[in-house]
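The values are calculated or read from the model by the stated rules, or taken from the named source; none is laboratory data. Every value quoted in this text rests on a predicted model; they were computed, and no experiment measured them. When we count neighbours, we look across all protein chains shown, and the Cβ atoms used for this are built from the backbone with ideal geometry, even at glycine. Surface accessibility is based on the protein's heavy atoms, side chains included, excluding ligands, DNA and RNA. Shrake-Rupley method; radii C 1.70, N 1.55, O 1.52, S 1.80 Å.
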Amino acid sequence: MYTNFDSLPDDARVWVYQANRPLTDAEVEQIQASLEPALNGWAAHGQPLRASAQVLANRFVVIAVDEGYSLPSGCSIDASTHYLKQIGQQLSIDFFDRSAVYAAPGGVVETLPLPKIKEAVLDGRLTPETTVFNTLVSTKADLAANWLKPASQTWLNRYFGRVIA
C-alpha cells in the first residue's frame, strides 16, 4: 500500500535508482504518478507492502518499504525494478546508470562515467571535497544523514592519492 514517504519509519529500507540524465519537472510528475499505483499494489507473497517513492534532485528515484509492516521478497524487489525499467522505457531514461554523480560548482548535478573518474581527479573536477550523491544508502535514516557526502567519504576515496598520470 502506498503511503507518504515522510510517514515511513527511519529504518525503512530504501533503494536508489539513478537516471542517466536530468529529469524534467514533467517527467518527475509522470514518474510519481506511475509509481504510486504500482506501489499501492506492491506485495510480497500476497502480503501488501507499505511503501513509498520520491524523486530527488530531478535525477534519483528512491523507493522505500517499511520492513516492520511486511518484508519484501526477492520477487517483490524484482517487481520494483521492473516498474522502473517500464517507466524508463516510456520516458527514454536508464534508471540503472552506475556513473558517479556529484554536485558541481553552482549546484549543477553532473554525471561522471566510471572510466572517466581518474581523468576527473587529475584535472581537478573531482576532489576529496566534492559533494557526491551517495546512492549506497540503505535506510531512510541513512538517506537523511548520508545522502550528500564529500567524495573522500565514499567509494570514490580510492581514487585520491593513487591516481597516476
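In this structure, CYS75 and THR111 have a Cβ-Cβ separation that, at R0 = 41 Å, corresponds to a calculated FRET efficiency of about 0.85. If you roll a 1.4 Å probe over the stretch 59-165 with all protein chains in place, what percent of the accessible area is carbon or sulfur? Percent of accessible area from carbon and sulfur atoms in the stretch 59-165: 53. Each of VAL109, TYR159, PRO48 was scored by the projection of its Cα onto the charge dipole of the chain, and the greatest displacement toward the positive side belongs to TYR159; charges sit on the C-beta of Lys, Arg, Asp and Glu.
Remark: the stretch 1-79 projects, on average over all directions, an area of 5.0 nm² (convex hull of Cα atoms). When +1 charges are put on Lys and Arg Cβ atoms and -1 charges on Asp and Glu Cβ atoms, the dipole computed for the chain relative to its Cα centre reaches about 580 debye.
For the chain, averaging the sequence separation of C-alpha pairs within contact (under 8 Å, six or more residues apart) and dividing by the residue count gives a relative contact order of 25 percent.
Normalised radius of gyration for the stretch 107-165, please: alpha carbon Rg relative to 2.2 N^0.38 Å, two decimal places. Write down the numbers at each step before the final one.
Details: Rg = 12.1 Å, N = 59, 2.2 N^0.38 = 10.4 Å.
It is 1.17.
In a DSSP loop and with at most 15 other Cβ atoms within 10 Å, the chymotrypsin sites (Phe, Trp or Tyr not before Pro) in the stretch 64-165 are PHE160.
Accessible surface calculations at 1.4 Å, restricted to protein heavy atoms, place the chain at 51 Å² per residue. Between SER152 and GLU67, the modelled labels are 3.2 nm apart [label points 7 Å from Cα along Cα→Cβ].
Quick one: length gained pulling ASP94 to HIS82 fully straight, 0.36 nm per residue minus the C-alpha distance? Could the numbers behind the result be given before it?
Working: separation 12, 0.36 × 12 = 4.32 nm, distance 1.21 nm.
So the chain would gain 3.1 nm between ASP94 and HIS82.
Cross-link partners of LYS116 among lysines, defined as those whose alpha carbon lies under 18 angstrom from its own and excluding same-chain residues fewer than eight positions apart, are absent. The accessible area of ASP123, taken with all protein chains in place and a 1.4 Å probe, comes to roughly 80 Å².
In a DSSP loop and with at most 12 other Cβ atoms within 10 Å, the trypsin sites (Lys or Arg not before Pro) in the stretch 97-141 are ARG98.
If R0 is 30 Å, what FRET efficiency do you get for THR131 and ARG21 from their C-beta distance, rounded to 0.05? Don't skip to the answer; put the middle values down first.
Values: r = 19 Å, r/R0 = 0.65.
Plugging the Cβ-Cβ distance into 1/(1 + (r/R0)^6) gives 0.95.
Extent along the principal axes, Cα only, for the stretch 32-165: 55, 32, 26 Å, with the longest axis given first.
For ALA104 and GLN32, the FRET efficiency from 1/(1 + (r/R0)^6), where r spans their Cβ atoms and R0 equals 35 Å, is about 0.85.
Sequentially through the stretch 87-93, phi angles give Karplus couplings (6.51, -1.76, 1.60; θ = phi - 60°) of 5, x, 5, 5, 9, 6, 10 Hz, Gly and Pro residues having no value and appearing as x.
By DSSP, the beta bridges lying fully in the chain are antiparallel in about 90 percent of cases.
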